[in-house]
Amino acid sequence: MKFKDKVVVITGAAAGLGKQNAIRFAKEGAKLAICDIQEEKLKETAKLCEAEGTDVLAIVTNLKEQEQMKEFVQSIQEKFGHVDVLINGATSSNYMVPFLEQTIEDLDHSLKTQLYATWTMMQLCFPLMKENGGSIINFISRAVQGLDGYASYTAAKGAVGALTRTVAIEWGKYNIRVNNVSPIAITDTVINDSPKELYDVIMTEVAKSSPFNRVGIPEEDVIPVILFLASEDSRWITGQDIRVEGGVDIHW
């Protein structure tokens, strides 16, 4: 219960790692402010978190719209008054499409849902964090090293990674830590929503690339690292890229 009465904000909480993060933080006693564009799935996440006995603020939010993000954070301020942890988990991109077939619209979508949303949420939450400090966790990917068919995705993730390091330098004086997490794990989103060819790549190629000869399990392999970065146990860690990838990157 290290997060009892702590206020944790999670974007992209309707499914995948965002949903699993929300549930785990609820079990750890955190008060939650969650958002996503998928209304019904977001409601399901909220119910599962409330079942753990915690307060939950769940607001449908399109992270491509700054006004909606402002309304979300305003609601957080009105309900909780401050923020201890911000997890920028939302992501959306066009995958497995050759660079020459990707469009400016594809790039714009990736930048708005990842870079712009992360940028805006950090700026909006800063006034709610600066007095007591806290932790910000942004998500990047090993794909930023280069991955066929992921041009718009890697461009946005690479930019998020650079932004994280800059903000970590600027906000250290406020005792706000800012780190990147680069995870590889099989979430319900990967299982249910990924194109079959992408799912097959993850289940075979990623497993073969890991010294453990398996893919990651979110609850057991990734979320404990996120809990660590969100807690005071990581008080001396900021501006870092934490690779939670089962050693896959060793082969690069």
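The values are calculated or read from the model by the stated rules, or taken from the named source; none is laboratory data. If you're wondering where the values come from, they're calculated on a predicted model, not measured in any experiment. Using ideal geometry, Cβ is built from the backbone for each residue, glycine included, and neighbour counts are taken over all protein chains shown. Heavy atoms of the whole protein, side chains included, go into the accessibility calculation; ligands, DNA and RNA do not. Shrake-Rupley method; radii C 1.70, N 1.55, O 1.52, S 1.80 Å.
Remarks
- Condition met for residue 216 (assigned to a loop (DSSP other than H, G, I, E, B), surrounded by 15 or more Cβ atoms within 10 Å (Cβ to Cβ) and at pLDDT below 95): yes
- From 160, 222, residue being in contact (Cβ under 8 Å) with a residue 12 or more places away in the chain, in contact with a Pro (Cβ under 6 Å, 6 or more places away or on another chain) and in a helix (DSSP H, G or I): 222
- Within the stretch 127-147, tally of residues that are over 17 Å from the mean Cα position of the chain (by Cα), open to solvent by 30 Å² or more (accessible area, probe 1.4 Å) and either modelled with pLDDT of 95 or more or not hydrophobic (A, V, I, L, M, F, W, C) (or both): 6
- Residue that is surrounded by the most Cβ atoms within 10 Å (Cβ to Cβ) [pool: residues in the stretch 148-171 that are among the hydrophobic types (A, V, I, L, M, F, W, C) and in contact with a Ser or Thr (Cβ under 6 Å, 6 or more places away or on another chain)]: 156
- Residue match in the stretch 87-97 (condition: at pLDDT 95 or above and outside any loop (DSSP other than H, G, I, E, B)): yes
This table checks each residue for (1) closer than 24 Å to residue 123 by Cα; (2) without any contact (Cβ under 8 Å) to a residue 60 or more places away in the chain.
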{"position": "10", "(1), (2)": "yes, no"}
{"position": "19", "(1), (2)": "yes, no"}
{"position": "22", "(1), (2)": "yes, yes"}
{"position": "27", "(1), (2)": "no, yes"}
{"position": "30", "(1), (2)": "yes, yes"}
{"position": "43", "(1), (2)": "no, yes"}
{"position": "52", "(1), (2)": "no, yes"}
{"position": "63", "(1), (2)": "yes, yes"}
{"position": "78", "(1), (2)": "yes, yes"}
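- Verdict on residue 107 being open to solvent by 40 Å² or more (accessible area, probe 1.4 Å) and among the aliphatic types (A, V, I, L, M): yes
- Condition broken by residue 13, with the remaining ones in (1) in contact with a strand residue (DSSP E or B) (Cβ under 8 Å, 6 or more places away or on another chain); (2) open to solvent by 40 Å² or more (accessible area, probe 1.4 Å); (3) not polar (S, T, N, Q) satisfied: (2)
- Residue list for the stretch 17-39, restricted to those being of a type in the set (Gly, Ala, Ser) and either in a strand (DSSP E or B) or open to solvent by 70 Å² or more (accessible area, probe 1.4 Å) (or both): 33
- Close Cβ contacts (under 6 Å, 6 or more residues apart or on different chains) running from residues in the stretch 104-124 that are under 14 Å from residue 150 (Cα atoms) to residues that are of a type outside the set (A, V, I, L, M) and assigned to a helix (DSSP H, G or I) comprise 106/152; 107/152; 110/152; 110/153.
- For the stretch 40-86, the set of residues classified as among the acidic types (Asp, Glu) and part of a loop (DSSP other than H, G, I, E, B) consists of 52, 55, 65, 84, listed by residue number.
- Of all the residues in the stretch 172-183, those that are open to solvent by 30 Å² or more (accessible area, probe 1.4 Å) and not in a helix (DSSP H, G or I) number 2.
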